[in-house]
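*Asks:* Following this message is one structure expressed as structure tokens.
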Amino acid sequence: MNASEKLFEARALSAFYGRVHALKPTTVWVGEGEFVTVLGPNGAGKSTMLRAMTRLTPATGRVYFRGRDITGLATHERAREGVIMVQEGRGLFGQMSVRENLILGAYTMTGSDTAEQRLESVFALFPRLKERYEQVAASLSGGEQQMLAIGRALMARPKLLMLDEPSLGLAPRVASEILETLGRLNGEGLGILLVEQKAPQALKLAKRVYVLSLGAVVAELPAAEIKSHHELSRYYLH
Ligand code: ATP
């Protein structure tokens, strides 16, 4: 794939915490409208990679969006380009209402539609959020909070949505509902970079997979090939 067909690419991205080299020079890309899943055990550097991509963590290396070098852009400027991350732990404002949390997601607003129109499209995707419109975020269930975190990210009209273990701590049925929704969004053309620890469903949705271990990419392959890869399938599909 040449550079112009890539939605997003991080080249030789590398990050330290003090003397800990948490992310060794890593190259990862997402094609236009592609669904990419990043797998890896605890401490592999998955969160660090997403945080480095959005510049929430300082890193070296270069970052490109639709072929343009955006390395110099701050987190909010990358967000304005359409690179949006849903953080692990969700980062919601617990004492603010569902509506207020969603409206905050539209702070980078560009484009002609209004915040109200965006709210309606989020509610169409997650009707449960509409029912809980005035409720404070802290009073939502874990699954609803994850829906709210994703809804808030969608308010910014992302072109690439990055998610850090959205199914963490959720009942399997709720996790499955959330991943299905990601599949639907991808079907509408949204590029997705999903980090999961262990997730057969995340693999079904993905077109391509990266496996991270000890801060480095140890495998990159089409998701469909995981099945025929003995070590990986044993670890990630069962
Ligand atoms: P998990 O699945 O448990 O979230 P991960 O693959 O996302 O793991 P990271 O959270 O990126 O892994 O952590 C990678 C390494 O960097 C780990 O060794 C971790 O202990 C270390 N690390 C992460 N955050 C910090 C920090 N703020 N300060 C120091 N070390 C950190």
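The values are calculated or read from the model by the stated rules, or taken from the named source; none is laboratory data. Model, not experiment: these values are computed from the prediction. We place every Cβ from the backbone using ideal geometry, glycine too, and count neighbours over all the protein chains shown. Each accessible area value is taken on the protein alone, full model and side chains, heavy atoms only, with ligands, DNA and RNA left out. Shrake-Rupley method; radii C 1.70, N 1.55, O 1.52, S 1.80 Å.
*Asks:* From the phi of every residue in segment 116-121, what ³J(HN,Hα) in whole Hz does the Karplus formula 6.51 cos²θ - 1.76 cosθ + 1.60 yield, where θ is phi - 60° and glycine or proline is x?
*Replies:* Per-residue couplings from phi come out as 5, 5, 5, 4, 4, 6 Hz.
*Asks:* Another one. So how do 179-186, 21-28 stack up, highest first, on mean other-Cβ count within 10 Å?
*Replies:* With the highest mean Cβ count within 10 Å placed first, the list reads 21-28, 179-186.
*Asks:* Sticking with this structure for a sec: Over the chain, give the accessible area per residue in Å² for a 1.4 Å probe, as an integer.
*Replies:* 46
*Asks:* Continuing with the same structure: Once the Cβ-Cβ distance between residue 224 and residue 188 is put in as r, and R0 is 30 Å, what FRET efficiency do you end up with, to the nearest 0.05?
*Replies:* That gives a FRET efficiency of 0.85.
*Asks:* Also, quick follow-up: Which of the residue pairs 204/227; 6/204; 6/207 have a Cα-Cα distance greater than 20 Å in the structure shown?
*Replies:* Over 20 Å Cα-Cα: 6/204.
*Asks:* Taking 22 Å as R0, compute the FRET efficiency from the Cβ-Cβ separation of residue 16 and residue 42 and round it to 0.05.
*Replies:* My answer for the efficiency is 0.70.
*Asks:* Using helices alone, what [θ] at 222 nm do you get for the chain, with -39,500 (n - 2.57) per DSSP H run of 4 or more residues, divided over all residues and rounded to the nearest 500?
*Replies:* Counting only the DSSP helices, I get -10000 deg cm²/dmol.
*Asks:* Another question, if that's okay. Got a sec to turn the phi values of segment 18-31 into Karplus ³J(HN,Hα) couplings, 6.51 cos²θ - 1.76 cosθ + 1.60 with θ = phi - 60°, whole Hz, x for Gly and Pro?
*Replies:* Karplus values, whole Hz, x for Gly and Pro: x, 9, 7, 8, 6, 10, 7, x, 10, 10, 9, 9, 10, x.
*Asks:* Which far-off residues, 5 or more places away or on another chain, put their amide H under 5 Å from the one on residue 87, with H placed in the peptide plane?
*Replies:* Placed amide hydrogens put nothing under 5 Å from residue 87.
*Asks:* Report the relative contact order of the chain, percent, no decimals, based on alpha-carbon pairs under 8 angstrom and at least 6 residues apart.
*Replies:* It comes to 27 percent, rounded to a whole number.
*Asks:* Using only the alpha-carbon atoms of segment 152-238 as identical scatterers, what base-10 log of I(q)/I(0) does the Debye formula give at q = 0.16 Å⁻¹?
*Replies:* Log10 I(q)/I(0), no solvent term: -0.67.
*Asks:* Then there's this: Does anything in segment 38-55 have its amide N under 20 Å from the 7 Å Cα→Cβ label point of residue 231, and if so which residues?
*Replies:* So the set is 38-46.
*Asks:* Could you tell me what percent of the accessible area of segment 164-226 is made up of carbon and sulfur, with a 1.4 Å probe and every protein chain present?
*Replies:* Reported share for carbon and sulfur atoms: 55 percent.
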